[in-house]
1. Does the range 80-88 contain at least one residue that is open to solvent by 30 Å² or more (accessible area, probe 1.4 Å), out of contact with any helix residue (DSSP H, G or I) (no Cβ under 9 Å at 6 or more places or on another chain) and under 17 Å from Ala162 (Cα atoms)?
2. Give me a count of the residues in the range 1-20 that are over 23 Å from the mean Cα position of the chain (by Cα) and open to solvent by 40 Å² or more (accessible area, probe 1.4 Å).
3. Being farther than 18 Å from Ser141 by Cα and in contact (Cβ under 8 Å) with a residue 40 or more places away in the chain is the filter here, so list the residues in the range 1-18 that pass it.
4. For the range 123-169, enumerate the residues that are at pLDDT below 95, part of a helix (DSSP H, G or I) and either open to solvent by 40 Å² or more (accessible area, probe 1.4 Å) or among the β-branched types (Val, Ile, Thr) (or both).
5. Using the structure shown, decide if Ala51 is open to solvent by 40 Å² or more (accessible area, probe 1.4 Å), of a type in the set (A, V, I, L, M, F, W, C) and modelled with pLDDT of 95 or more.
6. Filter the range 98-111 down to the residues that are open to solvent by less than 100 Å² (accessible area, probe 1.4 Å) and more than 22 Å from the chain's Cα centre (by Cα), then identify the one that is nearest to Leu56 (Cα to Cα).
7. State whether the residues of the range 53-75 include one that is in a helix (DSSP H, G or I) and more than 18 Å from the chain's Cα centre (by Cα).
8. Sort through Val34, Val93, Val43, Val114 and tell me the only one that's crowded, with 16+ Cβ neighbours inside 10 Å, at pLDDT below 95 and among the β-branched types (Val, Ile, Thr).
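The values are calculated or read from the model by the stated rules, or taken from the named source; none is laboratory data. These figures come from a predicted structure and were not determined experimentally. Cβ placement follows ideal geometry from the backbone for every residue including glycine, while neighbour counts extend to all protein chains displayed. The area values use the complete protein model at the heavy-atom level, side chains included, leaving out ligands, DNA and RNA. Shrake-Rupley method; radii C 1.70, N 1.55, O 1.52, S 1.80 Å.
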Amino acid sequence: MKIYTKRGDDGSTGLFFGGRVAKDSPRPTAYGAVDEAQAAIGVARAATSDAGLDELLIVIGRDLYVAMAELATGVSNSDKLVAGQTLMVQTMVDRLEAAIDETSERFEMPTEFVVPGGSVVSAALDVARTVVRRAERESLSVAVEESLVVPYLNRLSDLLWALARWQENSTTPSRTAT
């Protein structure tokens with residue numbers, strides 16, 4: 001099997017469960033931004049030596065595959081989505097909230113704006129956070145009303161912020177802007 005199909009040479013791309021749209025249309029823009037977020041989280045994974053953080057980021061990466069599948073599915077095929085496999089579920093959002101709470105207990109909350117870059121890992125997490133925020137914005141126009149993609153991405157950006165502050169404080173003194 002070859003990696004290239006040539007079907008996208010006309011500027012279109014296939015959707016999950018069928019259909020084609022322009023590559024620059026809102027749906028591919030949304031799941032493409034989530035794909036970028038997943039890659040940015042991979043950079044943070046590569047930078048960490050913390051096994052627990054690595055494990056959490058792997059779970060998140062797998063969740064993002066589900067988000068991409070949901071976003072890559074046209075409304076006419078949404079009945080084909082499978083909860084937890086190709087459709088985001090509440091337990092995924094709940095897991096992020098629990099991780100935010102747990103992580104927030106590991107550091108003292110900054111009282112001022114934080115300048116990213118306190119450590120390599122925290123900087124990678126902050127980059128991932130900003131990419132997730134963009135993915136959240138891009139997903140707004142295509143996620144259906146009952147979708148959990150946007151709430152998931154919103155919690156994920158919060159979690160990445162908390163993880164960055166924890167990593168920053170566990171490796172170097174806090175760096176905040178004055």
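1. Checking the range 80-88: not a single residue is open to solvent by 30 Å² or more (accessible area, probe 1.4 Å), out of contact with any helix residue (DSSP H, G or I) (no Cβ under 9 Å at 6 or more places or on another chain) and under 17 Å from Ala162 (Cα atoms).
2. 11
3. Across the range 1-18, the qualifying residues are Phe17, Gly18.
4. If the condition is that a residue be at pLDDT below 95, part of a helix (DSSP H, G or I) and either open to solvent by 40 Å² or more (accessible area, probe 1.4 Å) or among the β-branched types (Val, Ile, Thr) (or both), then Asn169 is the only one that fits.
5. It is true that Ala51 is open to solvent by 40 Å² or more (accessible area, probe 1.4 Å), of a type in the set (A, V, I, L, M, F, W, C) and modelled with pLDDT of 95 or more.
6. Result: Phe107.
7. yes
8. Just one listed residue meets the conditions, Val114.
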